[in-house]
Amino acid sequence: MDLSELERDNTGRCRLSSPVPAVCRKEPCVLGVDEAGRGPVLGPMVYAICYCPLSRLADLEALKVADSKTLLESERERLFAKMEDTDFVGWALDVLSPNLISTSMLGRVKYNLNSLSHDTATGLIQYALDQGVNVTQVFVDTVGMPETYQARLQQSFPGIEVTVKAKADALYPVVSAASICAKVARDQAVKKWQFVEKLQDSDTDYGSGYPNDPKTKAWLKEHVEPVFGFPQFVRFSWRTAQTILEKEAEDVIWEDSASEDQEGLRKITSYFLNEGSQARPRSSHRYFLERGLESATSL
């Protein structure tokens, strides 16, 4: 799986896909949808689709695909390689960066994770149709209420039979195949993550990445910058990250804030100007270096 596009820019979203097998353009196909990395506070979320002709569904089952959560990493990679070697299975996926997820959730107009997930799944199904895949059935592992999600997808694709169920990745082989694609992509994305921040400690032993993992929490505490927060590998909209920011980061006065409740806090400008007894030398942050910005003491 070539993740070079994500390695060049891991701040937004990245779409990858296999070539469409010729048979998938000619014969009616079944398509499965699943994701990997919805819950972690670290790393991207990956949505994937996998499809094959209805006439070859038994051949897909014969590969012994299963819910990716029940498989070892080596087994997932082996099964993904098997699917790649066939002439009847196709796939596509969207890699959603932590930065995209958090800025969406904390934007002025809120865009929650369920909505982001639904829209990404819808976009991938439409992508398969645009590529000429003859999709007649879709099976989806649910996010939120399955009835509501199914009705929404059915409205978007009225000519396709849509089924949305909990644990679909364990019930339908084509969804199991999609879960394997998504998990393999996320695992590789996390392993090859390019930290644009110059971290003082290159330690990448951050555990599972889930919010309740003590090793993950320890890594977050070690890599929080008092003013600019976390590396872009972190979903800063997660409660775990916000709690650490509240404890470890600096409180500041924003210049347009009312002053009554801000006693004892430093002004935001104090972090950019070397002034007063608390001044400390520090190199410019990457944000300013990339834009050629320098501190100005007067206008």
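Has region 150-166 got at least one residue that is touching a residue at least 60 places away in the same chain (Cβ under 8 Å) and in contact with a Phe, Trp or Tyr (Cβ under 7 Å, 6 or more places away or on another chain)?
So in region 150-166, the residues touching a residue at least 60 places away in the same chain (Cβ under 8 Å) come out as none.
Within region 150-166 (the criterion being touching a residue at least 60 places away in the same chain (Cβ under 8 Å) and in contact with a Phe, Trp or Tyr (Cβ under 7 Å, 6 or more places away or on another chain)), the answer is no, since none of the residues qualifies.
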Considering only region 5-25, how many residues are hydroxyl-bearing (Ser, Thr, Tyr) and open to solvent by less than 40 Å² (accessible area, probe 1.4 Å)? 1
If you take the residues in region 188-229 that are within 16 Å of the chain's Cα centre (by Cα) and hydrophobic (A, V, I, L, M, F, W, C), which one is modelled with the lowest pLDDT? Phe195
Quick check: is even one residue across region 247-257 under 26 Å from Phe195 (Cα atoms), modelled with pLDDT of 75 or more, open to solvent by less than 90 Å² (accessible area, probe 1.4 Å) and of a type in the set (Asp, Glu)? yes
Is there any pair linking a residue in region 217-237 that is closer than 16 Å to Gly43 by Cα and free of Cβ contacts under 8 Å to residues at least 24 places away in the same chain to one that is of a type in the set (Val, Ile, Thr) and outside any loop (DSSP other than H, G, I, E, B), with Cβ under 9 Å and at least six apart or on different chains, and which? Phe230/Ile244
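Return yes or no: is Cys14 farther than 27 Å from Lys165 by Cβ, in a strand (DSSP E or B), out of contact with any His (no Cβ under 8 Å at 6 or more places or on another chain) and not hydroxyl-bearing (Ser, Thr, Tyr)? First the steps, then the outcome.
Values: farther than 27 Å from Lys165 by Cβ: yes; in a strand (DSSP E or B): yes; out of contact with any His (no Cβ under 8 Å at 6 or more places or on another chain): yes; not hydroxyl-bearing (Ser, Thr, Tyr): yes.
Answer is yes for this residue.
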Residue selected from region 40-68 under the condition part of a helix (DSSP H, G or I) and without any contact (Cβ under 8 Å) to a residue 60 or more places away in the chain, by the criterion surrounded by the fewest Cβ atoms within 10 Å (Cβ to Cβ): Ala58
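Identify, please: which residue in region 149-191 is among the charged types (D, E, K, R) and open to solvent by 20 Å² or more (accessible area, probe 1.4 Å) and is, among those, farthest from Asp67 (Cα to Cα)? Walk me through it before giving the result.
Step one: list which residues in region 149-191 are among the charged types (D, E, K, R), which gives 152, 161, 165, 167, 169, 183, 186-187, 191.
Within this subset, residues satisfying the condition of being open to solvent by 20 Å² or more (accessible area, probe 1.4 Å) are 152, 161, 165, 167, 183, 187, 191.
Working: Arg152: 25, Glu161: 22, Lys165: 14, Lys167: 9, Lys183: 10, Asp187: 15, Lys191: 21 Å.
Ranking the qualifying residues of region 149-191, first place goes to Arg152.
The values are calculated or read from the model by the stated rules, or taken from the named source; none is laboratory data. This structure is a prediction, so every number in the text was calculated from the model and none was measured. Glycine also receives a Cβ, built like all others from the backbone with ideal geometry; neighbour counts cover every protein chain displayed. Quick note on the areas: whole protein, heavy atoms, side chains included, nothing else; ligands and nucleic acids left out. Shrake-Rupley method; radii C 1.70, N 1.55, O 1.52, S 1.80 Å.
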